[in-house]
Every structure is written in C-alpha cells, then in structure tokens.
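**Q** Please read through the structure below; I'll follow up with questions.
Bear in mind that the values in this text are calculations on the coordinates, not laboratory data. Since the structure is predicted, the reported quantities are computational estimates derived from the model, not experimental observations. Here the Cβ positions follow ideal geometry from the backbone for every residue, glycine too, while neighbour counts run over all protein chains shown.
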Amino acid sequence: MKKKWWHDKVAYQIYPKSFLDTNGDGIGDLRGIISKLDYLKELGIDIIWLSPIYKSPFVDQGYDISDYYSIAEEFGTMEEFDELIAEAKKRDMYIVMDLVVNHCSDQHEWFQKALADPDGEYADYFYFKKGKDGREPSNYRSYFGGNVWEKVPGTDKYYLHMFAKEQPDLNWENPKVRQEIYDMVNWWLAKGLGGFRIDAIINIKKDVNLPTCEPDGPDGLANGVKMVEAAQGIGGLLEELKHETFEKWDAFTVAEVFNMREDELKEFIGEDGHFSTMFDFSAHELTWGGHGWYDSKPIVFKEWREVLFASQKKLQNVGFAANILENHDEPRGASRYLPKYAQNEAGKKMLATTSILLRGIPFIYQGQEIGMTNCRRNDISEYDDISTLDQYQVALDAGCSKEEALRCCYENSRDNARTPMHWSDAKNAGFSEGTPWISLNPNYAEINVAEQEKREDSVLSYYKKLIALRKNPKYCETFTYGNFAPAYEMYEDILAYDRISEETGERIRVVANYGQSAVALDLEEMKDNCEVLLSNVEKEGEAAREIKEKGLLTLKSCETAVIRL
Ligand code: GLC
Ligand code: CA
C-alpha cells in the first residue's frame, strides 16, 4: 500500500457557530477558532474540519450556500480565514473545509437567475421539470420532509430539492455546472487547504424520472433515497471531480456516504479511489427506524459490536475508514452508545479508547473530548434544527404524544451536538459574552474544559494520553496500518480487539468491559511479555502485576486497557 500523508493523522470537527464567540454576537467565529489552535494542538489534533463557513442564509446552518467564494459575515472575513490557514500551518495542522455541492442555496445567484428565466441557461444548472396533471412530477419525499419537487413560481415547472426547498439540487449532468464547481474547489485549495469533507455526495447522481410510487407514509410520499439508489454511474462524476481538483493538490478528502453499495467500496476508497476516506456510519445506521426518529432503535451492545467488527474487517482489505462517535448531525456518542450505568467519566474514556484505536482515521467532534452529552429541552420551540422540527411533526402525525415526540428529539436531534462548546463554568460556559444563538446544555457547570484541564484524571486529560499513545512513534505503525482482529467475542459485554502489524509483528490488544459486572480475561499465553500501555482507571502497574502473576486481567464495569502483547 502506498503511504499517504494523512494515514496517521487525527482529525477534529469544529462546528463554527457553536465553538467560540469572540465579539459577543452569540455566534462562534474564525477568531475564536484561531485562538483555540493551541488547545487543539495540545490535544493531539492534526486535521481540523470546519462545518460550512461560506455565505449562507443558514436555513440549514450553512449547508445552504449562497456564495461559494465568500466567508459568512457571521464568522468573519477572508483575511481571518487566510490567517487561520497560516496559523494552522505554523503548528503543522491542516484545515479541511466542507464541500457542499449537491445543492446550493435558493439565494445563490445561479438559482435566482434560473427563477428569473425558467427556460434559460441557468435553469439547466438545476433540475427543472414539468409537472404531471397539474401536480408534482413524482411523489418522492425530501430528507427534511415534503415533496422533493417545489413549484417554480409562475410556471408549470418544478425544481428538485433532496433536502429543504431552500436547497435546490445542482445538475451534475450539466458540464458547465461541473466546471464551475471544479474552479471553485481549486480556488480554495490554492489557498493552502488540506482538503475537504464532502457533503451528501452520493446524491449528485439520481434518477429524476422515477415514476410516482407506492407511498410509505401518511403524507402520500415515498422515501426520496429511492431516486439515488436507482441511479447508475456516479463513479464517472466522482473520478472527474478527483482528477480535476483534489488529485492535483494531493488533498485529503473524506466523504459523507450513506447507503453505500458494498461492491463499490473499493472504487470509493480503495488505493486509487474517488476519496481518501469516508465516514463509517454502520453503527449509526443501526438506530435508524423505518419511518423516522419516532421509531428509531436504541443501541444494543452486541449488535453494535457486531457491525463495528464487520465493518473493520471489510474495510481493512480496501482502505481507511473515518471513524466517528458523533458529529453535527448525530446525538452525542456518550448518550447514544453508553448504557445508563456507564454514562460517567470512566465510561466516556472507555468509549474513546475502543473508538480511537480502531483501524482508520479518528474524527473527534467538538466537546466529545470532555464528554459532552445530549441536551434535554422542554418544548419544541427550544429547537432550531430544520430536521428536528420536521421529525417532531412526523412523530406527532404518527400518533405520538407531545412527550413522546420530545423524547425522540432528545434522543436523536441534531441540536444535541450543536449546543455551544463548554469552555468553563463562567457565564454561557465561556462560549460568548452575548446571547448564544442557541441555548446551552445546562450541565456545563460540571462538564467543561477549564475544570478538566486542572484534573489529571479527567476525560480531557485521558483523550490527550490516548491520542498521544496512538501517535507515539513506537506504536504508530501498528495503530495506523496494523490489521484488526476481534478478541474475546465469547463474552457478552466485552469489546476487545487486536491491532497487529504485518510489518513488525507487533500486537496490541484493546479491551473494554461495557457490562455491569467484572470479567477476568485470559492472558495466560502472553503473560510474560505483556506491557500495559494505558488504563482508564490508572492502574497500569496493578494490571501488569495481575497479568504476570495470574495470567489474567480483571476488568470491572467500564474499565478499559491497552496492552502490548
Ligand atoms: C449533510 C450534512 C447535514 C446537512 C445535509 C444537507 O448530511 O452533514 O448537516 O443538513 O448534508 O447539506
Ligand atoms: Ca461572533
């Protein structure tokens, strides 16, 4: 395998709006990010992914871009952005932007021109289609609810939007659109970006001619993803994108891909794949309900372990996955993956360990490193996210009570991860001097950076140790390229695996007890050569003694250890 510069890196996602506000307008900004680069460096971060910071009406929090060449005023200026890139570079860090090119904002100049002349050149930048019998061309549902087709005012045409109606889909079949996109991508890469996180990219190829089909909900619509699944030939588009842009700059790319076809994995992230890597969403997909958040499913440990392992085994023969526990679209990992009894500091450290030492590129989401949690709201009016508002209604329409609908938002809402970062226990968690754009999780008094920085045994201090271990030149080869092999699968509650270097033969075992009672793991055969590299309860010495004397390692509930065999 050809080694790439990003193989051994650790990434961190910033949600700029909620990271740090330095001018008191309640909105996080580029100055705030610049001022925290040292914090991130100390944590061990190499690559920083910024959720969109382009000019936008923020209907979908910046994932609706009205000008691809401008920084949103809310976040700062282009000069500040250039400064961010330069400051990151000084620290050997890379900035990765979000590339949102399946759709733009309805306020984008292209769409405005298309509306002004629905038969003109710009209408072809989008999907404009005649209606059928005075109705939409078909009955597919957009991801945020409602028909994917929206009327073009004053005409008998409709335009397509897979997401909100303010996010019209760009027509990738039009070579002019593709060229506009390539020019823009190259313009940003020329500034010295490390690469891009590529939004919703699987949607760029779709079959807009699918006929009306059997509805799957009370709204008379059918899941719009069918239009994506029916499409063939996305590979050609993705290869062209790569050749025209990323490849020229040796850029790092991480794609957001759901509903991946297994036989296409190699094409996507193999040695010469379309992308460097893509997020492994297999665990998240476990929670999906058939109809919406109201019928989503809780994580069952054994199923989770099974898909995690299956995914690791499958991917290691192909390329590198990007491993995440949470992001700006998902609930907090500590609230989702940890059983109630494990929702404490030991549990959070355990979850971090088993995730970050997997094979792949670890992505940490802001606040994860201090163990931030989901946030309870008392009323739907306290939510901002467009998808949460839709899913709340979907739940009510399906017959849920208000309480039940709110509970499913508590468990699934994208706003769980979008509450402001907890820097300290000061006013607004030190996030802003003004009024934050979205209210905080009240638990910032207990969970915050300042408090955890003071404490050796905090979640934050542990994350630093864990990342340092992964990057330690002694073990880096094994943690980066080593194969993955499950261990102790016969135990109901143990999540354990080995990372084995083909190059050096080194074997490092990661063990964790997600159950409630203690388990003694057999290490008899290796007892004379074990070295305990890390323990989340700081008993490296004690554990090493137990292994040496008894050939066993006893893990209490929520205990985890990393052992070189
Ligand atoms: C991706 C983003 C999400 C956004 C959607 C539309 O899934 O992660 O936040 O709403 O694409 O751009
Ligand atoms: Ca601000």
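**Q** Contour minus end-to-end for residue 1 and residue 237, with contour as 0.36 nm per residue of separation and end-to-end as the Cα-Cα distance?
**A** So the chain would gain 82.4 nm between residue 1 and residue 237.
**Q** Now for a separate question. What net charge do the residues around residue 165 carry, taking every other residue with its C-beta under 10 Å from that of residue 165, with Lys and Arg at +1 and Asp and Glu at -1?
**A** -2
**Q** When Lys and Arg each count +1 and Asp and Glu each count -1, what net charge do the other residues less than 11 Å away from residue 148, Cβ to Cβ, add up to?
**A** Result for the neighbourhood of residue 148: +2.
**Q** Follow-up question, since we're still on this one. What relative contact order, as a whole-number percentage, does the chain give when Cα pairs under 8 Å and 6 or more residues apart are counted?
**A** 13
**Q** Which is the longest part of the chain that has none of the trypsin sites (Lys or Arg not before Pro) sitting in a DSSP loop with at most 15 other Cβ atoms within 10 Å?
**A** The longest uninterrupted stretch comes out as 262-375.
**Q** I'd like the antiparallel share, as a percent to the nearest 5, of DSSP beta bridges with both residues in the chain.
**A** 55
**Q** Going by alpha carbons, how many degrees (0 to 90, nearest 10) lie between the helix axis of 386-397 and the longest principal axis of the chain?
**A** 90
**Q** Continuing with this model, one more query. I want to check a number: in region 226-366, how many lysine pairs have alpha carbons closer than 15 Å, given a sequence separation of 8 or more or different chains?
**A** For region 226-366, the number of qualifying lysine pairs is 4.
**Q** Still on this model: From the helices alone, meaning DSSP H stretches of at least four residues, give me the mean residue ellipticity at 222 nm for the chain, per-run term -39500 (n - 2.57), in deg cm²/dmol to the nearest 500.
**A** Value at 222 nm, helices only, nearest 500: -8500 deg cm²/dmol.
**Q** Let me ask another. How far, in nm, would the chain grow between residue 247 and residue 485 when pulled straight, counting 0.36 nm per residue and subtracting the alpha carbon separation?
**A** 82.4 nm
**Q** Between the helical axis of 540-550 and the dominant principal axis of the chain, each derived from Cα atoms, what acute angle in degrees is found, rounded to the nearest 10?
**A** With both axes taken from Cα atoms, the answer is about 60 degrees.
**Q** Further question: Using every alpha carbon pair in region 260-379, what percent of pairs falls into each 10 Å bin from 0 up to the bin containing the largest distance?
**A** With a bin width of 10 Å, the distribution comes to 12, 42, 34, 11, 1.
**Q** Shifting gears a bit: To the nearest 20 debye, what charge dipole does region 238-306 have about its Cα centre, counting +1 at the Cβ of each Lys and Arg and -1 at the Cβ of each Asp and Glu?
**A** Dipole magnitude for region 238-306 comes out near 420 debye.
**Q** Longest segment of the chain with no GluC sites (Glu not before Pro) in a DSSP loop having at most 16 other Cβ atoms within 10 Å?
**A** Longest gap between qualifying sites, sites excluded: 272-432.
**Q** Let me ask something else. Compute from the Cα atoms of the chain the Rg and the Dmax, the latter being the longest Cα-Cα distance, and quote both in angstrom.
**A** 23.9, 82
**Q** Give the percent of DSSP beta bridges with both residues in region 84-213 that are antiparallel, rounded to the nearest 5.
**A** Around 70 percent antiparallel, to the nearest 5.
**Q** Please compute the length gained on full extension between residue 92 and residue 529, using 0.36 nm multiplied by the number of residues separating them and subtracting their Cα-Cα distance.
**A** Full extension from residue 92 to residue 529 adds 153.7 nm.
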